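*Asks:* First the structure, then my questions, so here it is.
The values are calculated or read from the model by the stated rules, or taken from the named source; none is laboratory data. Quick caveat: nothing in here was measured; it's all calculated off a predicted structure. Cβ placement follows ideal geometry from the backbone for every residue including glycine, while neighbour counts extend to all protein chains displayed.
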Amino acid sequence: MRRVAAVDVGTNTALLVIAEFVQGALVPIVEADRFVRLGAGVDRHGVVSAEAIARLETVLAEFRAVADQHGATEGLVGATSASRDAANREELIDRAQSACGWPYRVLTGTEEAGLTFAAAASELQDGSRRRVTVLDVGGGSAELVTGYAGPPSRVTAERSVDVGSVRVTERFFGRIPAGEDAIRAAEGFVDEALRPAVRAVGRTRLLLGVGGTATTLAGLARSADLTFDKVVAWRERLLGMDAASVLALDSRLLSGREDVIAAGVLIVAAAMQAVGARRFRVTRRGLRHGLALWAFGAL
């Protein structure tokens, strides 16, 4: 049976899935998450630091070893916001590819959105052809994508927006708990950035959440289906805590995100309000699963 390893390298994390494709469906065999913080300082300085590249090399070498151990015969890496924004992109690509031996593809915002939507929709393909809108809040950017779940899935509108949990934290929340002025400034920045995206994708009552911010929020709330009021309550709670207090809520869940999750939830709440969503339903499938589907020729 053919096995593929697919890696999503974002601004904060590197995420691996090793999967097979059986009877028209993606079947994950192994998944792994690592915190790399590749995008630390990229918003301010425009380059990925030598330290961040070294962290990524270590993780990609580890992922390659895991893939070999589990019989993956091919692999690919899809990189997002931090890699797109980096002036030293070519050095980053060369060193990443050398570390794992797999192609390191810097995805456009459109490609990222489409692959993420396909992954999320793969859990919803019940033949209803329902229209859904997906939100993926990453470290450097957020993607809003609308389409039909399928099968086959079909994207009708998408926008990638340069607001993410690391970017917003670095720009507005130099210290946490955040002050009221910083919170208002961050909300204004996110609202302004989301406005053209919402015009493109339209309004919806249900927002489907993918990615680390969404799954972490679901873990905190002990629910994969949250109301708008519940998301707002978590936004207020997290913005009022320092990083150590956030980590103490659940160290296993929050380690590596304790300083940025408040900004991520702020973005989720802003997106829900912008599109008129009253519910936020979280799926564990995301970009890495979309990359795997693409590798199998299933998109």
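*Asks:* Which of the numbered conditions does Trp102 fail, given that it passes all the others? Conditions: (1) over 18 Å from Val4 (Cα atoms); (2) aromatic (Phe, Trp, Tyr); (3) not in a helix (DSSP H, G or I).
*Replies:* The one condition Trp102 does not meet is (1).
Every residue, every condition in (1) without any contact (Cβ under 8 Å) to a residue 60 or more places away in the chain; (2) surrounded by fewer than 18 Cβ atoms within 10 Å (Cβ to Cβ); (3) touching a strand residue (DSSP E or B) at 6+ places or on another chain (Cβ under 8 Å), yes or no:
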position	(1), (2), (3)
Ala19	no, no, yes
Val30	yes, yes, yes
Ala52	yes, no, no
Ser98	yes, yes, no
Phe117	no, no, yes
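*Asks:* From Ala142, Ala182, which residue is touching a strand residue (DSSP E or B) at 6+ places or on another chain (Cβ under 8 Å) and either within 22 Å of Arg237 (Cβ to Cβ) or outside the structural domain of Asp242 (by TED's automatic domain parsing) (or both)?
*Replies:* Going through Ala142, Ala182 in turn, the sole match is Ala142.
*Asks:* Could I ask something else about it? Given the structure, is Val166 more than 27 Å from Asp33 (Cβ to Cβ), not in a strand (DSSP E or B) and not small (Gly, Ala, Ser)? Full working, then the answer.
*Replies:* Values: more than 27 Å from Asp33 (Cβ to Cβ): no; not in a strand (DSSP E or B): yes; not small (Gly, Ala, Ser): yes.
Here the answer is no, as Val166 does not meet what is asked.
*Asks:* For Ala14, are the conditions met, namely being loosely packed, with under 15 Cβ neighbours inside 10 Å and either closer than 24 Å to His289 by Cβ or not β-branched (Val, Ile, Thr) (or both)?
*Replies:* Criteria not met by Ala14.
*Asks:* Need the failing condition index for Glu112 against (1) in a strand (DSSP E or B); (2) touching an Asp or Glu at 6+ places or on another chain (Cβ under 7 Å); (3) not hydroxyl-bearing (Ser, Thr, Tyr), just the number.
*Replies:* Glu112 satisfies every listed condition except (1).
*Asks:* Quick one: Val246 ticks every box in (1) surrounded by 16 or more Cβ atoms within 10 Å (Cβ to Cβ); (2) within 30 Å of Val22 (Cα to Cα) except a single one, so which number is it?
*Replies:* (2)
*Asks:* Would you check if Gly75 is among the small types (Gly, Ala, Ser), at negative phi and within 18 Å of the chain's Cα centre (by Cα)?
*Replies:* Taking the combined requirement at face value, the residue does not satisfy it.
*Asks:* For region 267-284, which residues satisfy the criterion of being out of contact with any strand residue (DSSP E or B) (no Cβ under 9 Å at 6 or more places or on another chain) and within 20 Å of Glu123 (Cβ to Cβ)?
*Replies:* The answer is none; no residue qualifies.
*Asks:* Going through region 132-159 one residue at a time, which ones are in contact (Cβ under 8 Å) with a residue 60 or more places away in the chain and outside any loop (DSSP other than H, G, I, E, B)?
*Replies:* Once the filter is applied, which keeps residues that are in contact (Cβ under 8 Å) with a residue 60 or more places away in the chain and outside any loop (DSSP other than H, G, I, E, B), region 132-159 yields Val132, Thr133, Val134, Leu135, Asp136, Val137, Ala142, Leu144.
*Asks:* Taking the conditions exactly as written (buried (at least 24 other Cβ atoms within 10 Å of the Cβ) and not basic (Lys, Arg)), does Gly276 satisfy them or not?
*Replies:* Here the answer is no, as Gly276 does not meet what is asked.
*Asks:* Test of understanding: among Ala40, Ala72, which residue is modelled with pLDDT of 95 or more and not acidic (Asp, Glu)?
*Replies:* That would be Ala72, the only listed residue that is modelled with pLDDT of 95 or more and not acidic (Asp, Glu).
*Asks:* If you check Gly209 against the conditions, is it touching a helix residue (DSSP H, G or I) at 6+ places or on another chain (Cβ under 6 Å) and either among the aromatic types (Phe, Trp, Tyr) or at pLDDT 95 or above (or both)?
*Replies:* Criteria not met by Gly209.
*Asks:* In addition: Looking only at region 63-86, which residues are assigned to a helix (DSSP H, G or I) and closer than 11 Å to Val7 by Cβ?
*Replies:* Of everything in region 63-86, those that are assigned to a helix (DSSP H, G or I) and closer than 11 Å to Val7 by Cβ turn out to be Phe63, Arg64, Val66, Ala67.
*Asks:* Still on this structure: For region 230-262, which positions are within 17 Å of Thr169 (Cβ to Cβ) and touching a strand residue (DSSP E or B) at 6+ places or on another chain (Cβ under 7 Å)?
*Replies:* Once the filter is applied, which keeps residues that are within 17 Å of Thr169 (Cβ to Cβ) and touching a strand residue (DSSP E or B) at 6+ places or on another chain (Cβ under 7 Å), region 230-262 yields only Gly256.
*Asks:* Let me ask something additional. Report, by residue number, each residue of region 231-243 that is crowded, with 16+ Cβ neighbours inside 10 Å and part of a helix (DSSP H, G or I).
*Replies:* Within region 231-243, Val231, Val232, Trp234, Arg235, Leu238, Leu239, Ala243 meet the criteria.
*Asks:* Suppose we keep only residues that are assigned to a strand (DSSP E or B) and among the acidic types (Asp, Glu) within region 1-51. Which one would you say is farthest from Phe63 (Cα to Cα)?
*Replies:* Glu20
*Asks:* Just name the residue that is farthest from the chain's Cα centre (by Cα) out of those in region 176-224 that are buried (at least 21 other Cβ atoms within 10 Å of the Cβ) and part of a strand (DSSP E or B).
*Replies:* The qualifying residue farthest from the chain's Cα centre (by Cα) is Leu207.
*Asks:* If I ask for residues that are surrounded by 15 or more Cβ atoms within 10 Å (Cβ to Cβ) and among the hydrophobic types (A, V, I, L, M, F, W, C), which ones from region 67-96 would you list?
*Replies:* Ala67, Ala72, Leu76, Val77, Ala79, Ala82, Ala86, Leu92, Ile93, Ala96 - these are the residues of region 67-96 that are surrounded by 15 or more Cβ atoms within 10 Å (Cβ to Cβ) and among the hydrophobic types (A, V, I, L, M, F, W, C).
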